[in-house]
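Notes follow the structure.
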Amino acid sequence: MPHHMINKQVAARAVERPDAVAVIDRGVAVDYRTLDAAAESAAADLARHGAGPGTFVAVRLPRGAHLVMTLLAVLKTGAAYAALDPRWPPDRVGLLLEALDPPVVAGPSGWNPFSHDLSEWAALGERPPPVDGTADDPACVFFTSGTTGVPKGVVSPHRATTRLFAAGGPLSFGPGTVMCQSSPAAWDAFNLELWGPLTTGGTVVVAPDDHLLPHVLHQLVTAHGVNTAWLTASLFNLFVDLEPDCFTGLGHVLTGGERLSPPHIGRFLRRFPETVLANGYGPVETCVFATYHPIVAADVDRPDGIPLGRPVPDTTIELIDGEIHIGGAGLALGYLGDPGATAERFRNALYRTGDLGLLDDDGVLHFRGRADRQVKIRGHRIEPSEIEAVTSGIGQVKQCVVVPVPGARPGTYEKLALFYTAPPGSGPAWLRSRLAAVLPPYAVPDTIRQVPSIPVTPNGKTDTRLLLSRL
């Protein structure tokens with residue numbers, strides 16, 4: 001199927017529906033005409049600062065209409081953006097900026113989109129230099145956990161995002177789509193929430209808080225007609241437990257990122273039988289979703305759990321020695337500046353996920369666990385080896401091990417525990433502050449314990465069972 005560039009899709013919608021609402025941010029509506037014209041002027045200014053084809057622009061801005069305009073403007077210059085969470089510690093941001101080598105940084109002490117409101121940007125009437133780009137060009141970079149202690153930058157092309165919303169596919173959003181935008185911009189789920197509606201003529205409603213809460217979701221549904229939302233499995237379960245009425249009015253709820261809880265799914269389906277509830281699966285290297293499964297009541301009683309589903313358009317799934325390999329238009333271009341890691345994980349136009357799976361007789365994919373130590377906790381992909389590498393690099397630490405703490409359901413994890421040895425005076429509070437200066441908040445272990453030694457089993461492996469018994 002033909003593929004498209006994100007910015008050209010948005011521009012086409014601005015021509016078709018100029019007065020339609022594109023973004024609602026804290027109650028203020030921005031139409032497509034204003035958004036696209038503002039992004040054009042901002043792109044012209046960014047180009048004067050060096051943004052253009054072959055460059056990566058770092059963006060450190062809070063979620064909102066100015067962030068949307070800035071990302072669209074970056075794409076209009078022919079550059080790709082890397083959205084860096086403003087809450088990330090400076091040391092981590094410094095590592096990422098070194099990898100990106102951006103010509104310009106949008107954010108604190110850098111290029112400032114807040115110098116004008118969007119209507120003022122639009123009124124400038126500027127245009128960036130013309131760019132001949134294709135859907136295979138880089139659109140964005142997502143930084144994900146790496147085993148060496150250095151985050152890996154996943155370079156995702158335009159086609160990886162736009163292929164998700166192909167007409168006739170399960171995510172065929174359109175002018176009637178009003179989607180809640182609550183994910184951090186650094187996540188690939190942000191592309192679902194933002195570009196899904198904007199490339200198809202829908203509306204993005206920005207949630208006002210850093211962490212979406214049930215009553216906030218309900219307010220957005222009531223005030224702005226939100227009808228589509230994405231929630232990680234952990235957040236979905238929490239909402240079902242705390243305030244299930246917050247889902248009232250939603251027509252399409254997407255969840256995933258971790259194993260789904262059949263009891264929570266069952267409670268939701270009984271309460272909202274008309275709402276489409278779907279499980280989406282896909283690592284960031286394949287951009288948001290590689291498979292999609294509309295959940296039905298019979299799935300709740302399956303002994304093998306809720307299925308991952310069938311491939312989305314222009315996506316292929318292959319099992320090689322039981323490991324899930326993904327191919328197709330969603331595939332990333334590789335890891336930024338790391339040809340070795342790219343060659344290891346991307347082979348023969350397929351991405352090795354490290355996930356184990358099974359395809360049933362109907363061609364539906366099921367999850368069977370991990371082939372390595374990577375875990376998902378509260379929707380975040382975490383490499384315990386990265387945390388161990390960072391911890392080991394702290395002078396006083398002699399030994400350390402990170403142990404995921406199992407959740408109530410098989411195959412799930414509720415938190416991370418870090419055990420370490422160090423001289424007296426190097427207590428858990430000291431180590432937590434050192435880790436918080438380097439790791440994003442979600443990767444700092446919930447529990448940190450100083451121990452006399454790291455125990456081992458008779459065969460010489462870390463005795464994780466004994467360590468967990470000490471919690």
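For the residue pair Asp91 and Arg370, what label-to-label distance in nm results when each label sits 7 Å from Cα along the Cα-to-beta-carbon direction?
2.3 nm
FRET efficiency for Asp304 and Phe114, Cβ-Cβ distance as r, R0 = 56 Å, nearest 0.05? Write down the numbers at each step before the final one.
Values: r = 50 Å, r/R0 = 0.90.
Step by step, r from the Cβ atoms, then E = 0.65.
I'm checking a number: the convex hull volume of the Cα atoms of region 383-469, normalised per residue, in Å³. What is it?
Working: hull volume 9.3 nm³, N = 87.
About 107 Å³ per residue, rounded to a whole number.
Extending each Cα 7 Å along its Cβ direction at Asp19 and Glu323, get the distance between those two points in nm, one decimal.
It is 5.6 nm.
Please work out how much length the chain gains when fully extended from Arg378 to Leu359, using 0.36 nm per residue of separation minus the C-alpha to C-alpha distance, in nm with one decimal.
On the way: separation 19, 0.36 × 19 = 6.84 nm, distance 2.61 nm.
Gain on stretching Arg378 to Leu359: 4.2 nm.
Could you count how many Lys pairs in the chain have their Cα atoms under 30 Å apart, skipping same-chain pairs fewer than 8 positions apart?
Step by step, the pairs that qualify in the chain add up to 13.
I'd like the antiparallel share, as a percent to the nearest 5, of DSSP beta bridges with both residues in the chain.
Values: 48 of 78 bridges.
Of the beta bridges lying entirely in the chain, close to 60 percent run antiparallel.
So, in nm, how far is label Leu466 from label Thr248 when the simple model puts each one 7 Å beyond its Cα toward the Cβ?
Between Leu466 and Thr248, the simple spin-label model gives 5.5 nm.
Rounded to two decimals, what is the ratio between the C-alpha radius of gyration of the chain and 2.2 N^0.38 Å?
0.98
Against the globular-protein guess of 2.2 N^0.38 Å, express the Cα radius of gyration of region 332-403 as a ratio, rounded to two decimals.
Working: Rg = 16.3 Å, N = 72, 2.2 N^0.38 = 11.2 Å.
For region 332-403, the normalised Cα radius of gyration comes out at 1.46.
Counting only DSSP beta bridges with both residues in region 174-271, tell me the antiparallel percent, nearest 5. Intermediate values should be presented prior to the final figure.
Details: 0 of 10 bridges.
Rounded to the nearest five, the antiparallel share is 0 percent.
Going 7 Å from the Cα of Ala12 toward and past its Cβ, which residues in region 113-156 have a backbone nitrogen under 13 Å from where you end up?
135, by backbone N distance to the label point.
Mean residue ellipticity at 222 nm from the helices of the chain, using -39,500 (n - 2.57) per DSSP H segment of n ≥ 4 over the full residue count, to the nearest 500 deg cm²/dmol? Please list the in-between numbers first.
Numbers: 14 runs with 135 residues, N = 471.
Roughly -8500 deg cm²/dmol at 222 nm, from the helical runs in the chain.
FYI, it's all coordinate maths here, none of it is from the lab. Source: prediction; values computed, not measured. FYI the Cβ positions are ideal-geometry reconstructions off the backbone, even for glycines, and counts take in every protein chain you see.
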